[in-house]
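To start, the structure itself, in structure tokens.
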Amino acid sequence: MNRTLKVAAAVSVAGVLALTGCSGDSSANSGDTVNVVGYSVLEQANKNEILAFNDTDAGKDVDIKGTYGASGDQSRAVAAGLDADEVHLSLEPDVTRLVDAGIVPKDWKDNDTNGICTQSVVVFVVQKGNPKGISTWSDLVEPGIGIVTPNPASSGSAKWNLLAAYGSVIADGGDEAAAKDYMTKFFGNVAALPDSGRDATTAFTGGTGDVLLSYENEAILARQSGQDFDYIVPDTTLRIDNPCALSTDASKPAQDFLDFQKSEEGQKLYAETGYRPLVDVGDVTVEGANDPANAFPEPQTLLTIDDDFGGWDEANGKFFGDGTDGEPMGILTQVQADAGQ
């Protein structure tokens with residue numbers, strides 16, 4: 001492909017999209033341009049991946065172009081016509097939408113990583129010195145605590161965050177009624193629901209709220225970039241699995257880039273920006289982590305989408321269904337609506 005489409009207007013919840021086309025780099029040979037569509041938090045980390053890939057024999061003269069934004073919006077944009085050789089999104093349902101549209105093959109998960117390219121966990125980001133003493137999920141629903149988390153209508157990271165919050169109650173022995181009651185209090189404390197994980201970080205660092213729910217890697221990367229805040233890995237948290245897939249007509253350079261991202265070298269580069277590596281990458285120093293030499297501590301209880309929520313096929317409708325097409329409103333969608341958020 002020799003062209004890159006750019007999103008000229010954000011995709012609304014209703015799916016309104018405007019796209020403009022522009023010519024690619026004229027020096028690129030036909031088939032050597034790879035268009036990557038990713039979720040917002042990935043953008044900075046991919047810069048080093050692309051530079052390193054271009055230094056390999058397979059990546060020489062390959063032009064990697066990236067478009068980044070809120071995961072749900074990015075998925076809808078591709079379904080509406082945004083050019084993509086690779087999608088690297090926040091969560092599986094955003095890829096499933098593209099399988100249903102015939103853009104991504106049905107067997108996209110049939111590989112060594114089950115279709116996952118990057119991994120992280122949900123953490124609490126707090127102001128320097130943690131003046132409110134926030135360390136547990138119960139602290140988030142105390143009076144006077146302002147929570148910043150992205151909006152699940154547009155952001156994949158929001159869904160991970162909310163399921164981590166809900167799941168913490170179940171992991172502590174509570175039932176679904178207790179978890180729903182907790183989430184009602186949680187939404188009562190929400191100070192902002194930005195469109196994406198990156199927008200949520202910007203809002204928090206700009207002074208909004210007392211705690212930001214975020215990817216661990218986003219917190220680490222922000223500190224690498226000069227932000228001065230603290231972050232906490234709670235005792236109970238949720239593992240974040242970010243899927244990646246090629247389009248049905250992707251070129252060999254696109255496959256080569258995907259293979260590089262999953263390789264030991266590619267995973268080590270992702271680890272250096274705060275992602276938990278999928279493979280053993282040896283010793284790695286992660287600047288910005290709480291302990292750069294031991295950057296990825298094991299939580300006491302690590303929830304997973306498959307083991308604790310029945311997988312995304314079940315969880316997405318159960319918790320985030322929008323009530324259309326005769327389907328019931330999702331549990332968390334309803335709680336959010338009832339809270340006026």
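The values are calculated or read from the model by the stated rules, or taken from the named source; none is laboratory data. Worth saying up front: this structure is predicted, and the values here are computed from it rather than measured. Ideal geometry is used to build each Cβ from the backbone, glycine not excepted, and the neighbour counts take in all protein chains shown.
Side notes on the structure shown:
- Any hit, segment 176-196, residues being closer than 23 Å to residue 340 by Cα, part of a helix (DSSP H, G or I) and of a type in the set (Ser, Thr, Tyr): yes
- Restricting attention to segment 320-339 and to residues that are in a helix (DSSP H, G or I) and surrounded by fewer than 16 Cβ atoms within 10 Å (Cβ to Cβ), the residue that is farthest from the chain's Cα centre (by Cα) turns out to be 338.
- Condition check for residue 201: under 21 Å from residue 290 (Cα atoms) and touching a helix residue (DSSP H, G or I) at 6+ places or on another chain (Cβ under 7 Å): yes
- Within segment 236-254, considering residues that are of a type in the set (D, E, K, R) and over 20 Å from residue 66 (Cβ atoms), the one surrounded by the fewest Cβ atoms within 10 Å (Cβ to Cβ): 239
- Positions within segment 277-319 being buried (at least 19 other Cβ atoms within 10 Å of the Cβ) and either aliphatic (A, V, I, L, M) or farther than 30 Å from residue 335 by Cα (or both), in sequence order: 277, 278, 286, 288, 289, 295, 296, 303, 305, 315
- Any hit, segment 96-117, residues being among the acidic types (Asp, Glu) and outside any loop (DSSP other than H, G, I, E, B): yes
Quick grid of which residues meet (1) part of a loop (DSSP other than H, G, I, E, B); (2) touching a residue at least 24 places away in the same chain (Cβ under 8 Å):
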| site | (1), (2) |
| --- | --- |
| 253 | no, yes |
| 260 | no, yes |
| 268 | no, no |
| 275 | yes, yes |
| 280 | yes, no |
| 283 | yes, no |
| 286 | yes, yes |
| 293 | yes, no |
| 299 | yes, yes |
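- Residue in segment 151-174 that is surrounded by fewer than 22 Cβ atoms within 10 Å (Cβ to Cβ), more than 20 Å from residue 305 (Cβ to Cβ) and modelled with pLDDT of 95 or more present: yes
- In segment 236-265, the qualifying residues are those that are charged (D, E, K, R) and modelled with pLDDT of 95 or more, and the one that is nearest to residue 162 (Cα to Cα) is 239.
- Scanning segment 211-230 for residues that are outside any helix (DSSP H, G or I), buried (at least 24 other Cβ atoms within 10 Å of the Cβ) and of a type outside the set (Gly, Ala, Ser) yields 211, 212, 213, 215.
Conditions (1) out of contact with any helix residue (DSSP H, G or I) (no Cβ under 9 Å at 6 or more places or on another chain); (2) modelled with pLDDT under 95; (3) in the same structural domain as residue 170 (by TED's automatic domain parsing), marked per residue:
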position: 278; (1), (2), (3): no, no, no
position: 281; (1), (2), (3): no, no, no
position: 285; (1), (2), (3): no, no, no
position: 288; (1), (2), (3): no, no, no
position: 301; (1), (2), (3): no, no, yes
position: 304; (1), (2), (3): yes, no, yes
position: 308; (1), (2), (3): no, no, yes
position: 312; (1), (2), (3): no, no, yes
position: 316; (1), (2), (3): no, yes, yes
